[in-house]
1. Where nothing but the Cβ of Lys and Arg (+1) and of Asp and Glu (-1) is charged, how large is the charge dipole of the range 2-111 around its Cα centre, in debye to the nearest 20?
2. Lys/Arg Cβ at +1, Asp/Glu Cβ at -1, dipole of the chain taken about the Cα centre: which of 108, 8, 19 is farthest positive-ward?
3. Taking the alpha-carbon centroid of each part, what is the distance from the range 88-109 to the range 1-80 in angstrom?
4. Under the 0.36 nm per residue contour assumption, what length would be gained going from the current alpha-carbon distance of residue 22 and residue 4 to full extension?
5. What is the helix-to-structure angle for 82-111, meaning the angle in degrees between its Cα long axis and the longest Cα principal axis of the chain, kept from 0 to 90 and rounded to the nearest 10?
6. How high is the relative contact order of the chain, in percent, counting Cα pairs under 8 Å that sit 6 or more residues apart?
7. From the phi of every residue in the range 11-26, what ³J(HN,Hα) in whole Hz does the Karplus formula 6.51 cos²θ - 1.76 cosθ + 1.60 yield, where θ is phi - 60° and glycine or proline is x?
8. In sequence order, what are the phi-derived ³J(HN,Hα) couplings for the range 62-71 according to the Karplus relation 6.51 cos²θ - 1.76 cosθ + 1.60 with θ = phi - 60°, rounded to whole Hz, with x for glycine and proline?
Amino acid sequence: MHADARETEKRCSGLASSFTGKKTAILEEARTVKAKGAEMMATYLDEDSDALDGFEFLTMAEAGEVGHWSVLKTLNQTAGRSDIAALVAWALPIQEGHLKGAMAASVMLAGNEDPNAAA
């Protein structure tokens with residue numbers, strides 16, 4: 001996932017460069033969103049969090065990524081930019097795979113939990 005994130009950031013930054021006069025604003029928004037995600041993670045996961053908590057958060061985060069790329073795909077149907085379409089075609093299946101993996105791990109870990117155990 002880390003390698004995919006690095007490659008996605010590289011591709012998105014490259015594409016942002018093609019937006020004359022908008023590159024700085026696009027990259028600033030990306031930094032803001034990334035910071036918000038880190039803040040959400042720090043809020044959600046504390047010292048009492050376990051692996052299941054971590055994978056539940058990861059599942060939510062990956063669902064958000066799938067949603068983001070799906071929205072971008074739809075927005076680009078009007079914009080009609082082939083470079084955005086190509087990026088979405090590359091990224092969306094990767095994010096869908098991440099979501100599937102995170103959800104599978106969450107479900108597996110939940111299956112190992114004893115719901116009747118003392119907290």
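Since every read-out is calculated from the coordinates, none of them should be taken as a lab result. Just so it is clear, the model here is predicted, and its values are computed rather than measured. Every residue, glycine as well, gets a Cβ built from its backbone with ideal geometry; the counts of neighbours run over all protein chains shown.
1. The dipole of the range 2-111 has a size of about 860 debye.
2. So the residue furthest toward the plus end is 19.
3. So the two Cα centres are separated by 14 Å.
4. Here the segment from residue 22 to residue 4 would lengthen by 4.0 nm.
5. Tilt of helix 82-111: around 0 degrees.
6. Contact order relative to length: 30 percent.
7. Going residue by residue, I get 5, 5, 4, x, 5, 4, 4, 7, 8, 4, x, 10, 4, 4, 5, 5 Hz, with x marking Gly and Pro.
8. After applying 6.51 cos²θ - 1.76 cosθ + 1.60, I find 5, 4, x, 5, 4, x, 4, 5, 5, 5 Hz.
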